[in-house]
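The values are calculated or read from the model by the stated rules, or taken from the named source; none is laboratory data. Model, not experiment: these values are computed from the prediction. In this analysis, Cβ positions are derived from the backbone assuming ideal geometry, glycine residues included, and neighbour counts consider all displayed protein chains. Just the protein is used for accessible areas: all its heavy atoms, side chains included, with ligands, DNA and RNA removed. Shrake-Rupley method; radii C 1.70, N 1.55, O 1.52, S 1.80 Å.
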Amino acid sequence: MTGFQNIKKSLFGGTTSAGRQFGMIFTLVAITLLFQVLTNGLTLTPGNLIAVVSQYSYILILAIGMLMVIVAGHIDLSVGSVAAFVGIVVAKAMQLYDLPWPLAILLGLLCGAVIGAWQGFWVAYVGVPAFIVTLAGMLLFRGGNQLIGNADTVPVPEGFRVIGAGFLPEVGPATGYNNLTLLLGLAACVAVAWREAGARRTRVQMGAEPGPLWSSGLRLAVMVGVIVFATLQFAGGRVGTSFPVSGIILGVLVIAYSFYTRNAIGGRHIYAVGGNARAAELSGVKLRRVNFLVMTNMSILAALAGMIFVARSAASGPQDGLSWELDAIAAVFIGGAAVSGGLGTVNGSIVGGLVMALLNNGLQLMGVGADLVQIIKGLVLLLAVALDVYNKAQGRFSVLDAITRPFRRQEPPSATPAEPVRTSDNAPSAV
């Protein structure tokens, strides 16, 4: 192996967990810098970065739930309609019955859970394919939105808008920045450093080679540099703005679902079912329960996404949620999930969603019309994935394979299909 290959392996194909994160961050940085040049410096302005997080947080929340659905081998076409339906129910409840907004949020989550249980019942216990169930749900709940709202716009109170249009408040001394955002960035830097050190410590305890120290230091320096830059941008926006509350909600969900899918038994079962449902069932996985829970969870997250969008828009309308399911599905597949199920990560889906968000935002900043934006997004998605699949089939360099490789754990050659439950958290290992 040449010196260049050793360096490449240390940075991009290393065995530490932090090394996997580095590849994804590098990809995001590259895309961001491209549009920074094409938009004459508009992409990385504080106002635009805040707008990107605020505008696309609900799609990224949908991507988390859609990842679990797709990994389990299903698809959900109803998420946009479910989000719109919950949005109008919550808005009407606050308008007609003066329901306090915290209770309205609980009502919306409960409504999403009921809808998810309804669809999950048909998928898990009746055996109707999720594609058909959610296609029916898309029509059913879109019609319900228009029926309850009478195809009108229903405003929501000021307090409710915080979850979609709110920002971290100004506290502490006058530093010229939002202090809470600075503290959030500091916490992120500490977490990254702790994870890098923990990854090296774990490998040493297992008797494995932790990799050269310089590679860990370089990865850590780049990741901390990106976090510091983003923190200063979010904290240094115009007075009254900072890191969006919707971004905080998204961050909490990413951490929670990443831990669940990678470490919890339930998360491993989802990968086992998607990889080989029959083998998983023979291994003791309760197939129906897993399918029921992933569909229910998807609708709960769709309900949350719908409420965040309504809060940001200050009103619920009949056009809410249109094509959201397509954006969520695209984010998951760009992030490395397999169409057949069993593969994919929460972090990868978030990156896929950010790629689509930056593409959409960059084209808008360049003055491209909405019609052409849709055409370009569709062509870019199709051509990029088609070219990548072709190159991978020919044994050539694969962009998606390289992007997702840092997130994958290499399976030992002796692994067999009889171990789906034990190794399911390692399943997302290929595009």
- Using only protein heavy atoms and a 1.4 Å probe, report how much of THR153 is accessible, in Å² to the nearest 10. 100
- Task: With a Förster radius of 35 Å, plug the Cβ-Cβ distance of VAL222 and VAL162 into 1/(1 + (r/R0)^6) and report the FRET value to the nearest 0.05.
- Result: 0.55
- With labels modelled as points extended 7 Å from the Cα through the Cβ direction, what inter-label distance (nm, one decimal) is found for LEU103 paired with ALA136? 3.4
- Task: Could you check the simple spin-label distance between THR153 and ILE255, using points 7 Å along Cα→Cβ, in nm with one decimal?
- Result: 3.6
- Using just the C-alpha positions of region 291-364 as equal point scatterers, what log10 of I(q)/I(0) does the Debye formula give at each q in 0.15, 0.20, 0.23 1/Å? -0.63, -1.04, -1.22
- Please give the contour-minus-distance gain from ALA191 to VAL171: 0.36 nm per residue of separation, less the Cα-Cα distance, rounded to one decimal in nm. 4.9 nm
- Classify region 336-382 as rounded, prolate or oblate from the Cα gyration tensor: take a ≥ b ≥ c as the square roots of its eigenvalues, call it rounded if a/c is under 1.5, otherwise prolate when a/b beats b/c and oblate if not. oblate
- Message: Quick check for you: with a 1.4 Å probe and neighbouring chains kept, what is the accessible area per residue of region 152-304, in Å²?
- Response: 51
- Solvent exposure, largest accessible area first (probe 1.4 Å, DNA, RNA and ligands not counted), of ARG219, ARG268, ARG142, ARG195: ARG195, ARG268, ARG142, ARG219
- Separation of alpha-carbon centers, region 172-187 and region 261-322, rounded to whole Å: 35
- Applying the gyration tensor rule to the Cα atoms of region 199-357 (axes a ≥ b ≥ c; rounded if a/c under 1.5, else prolate if a/b exceeds b/c, else oblate), the class is oblate
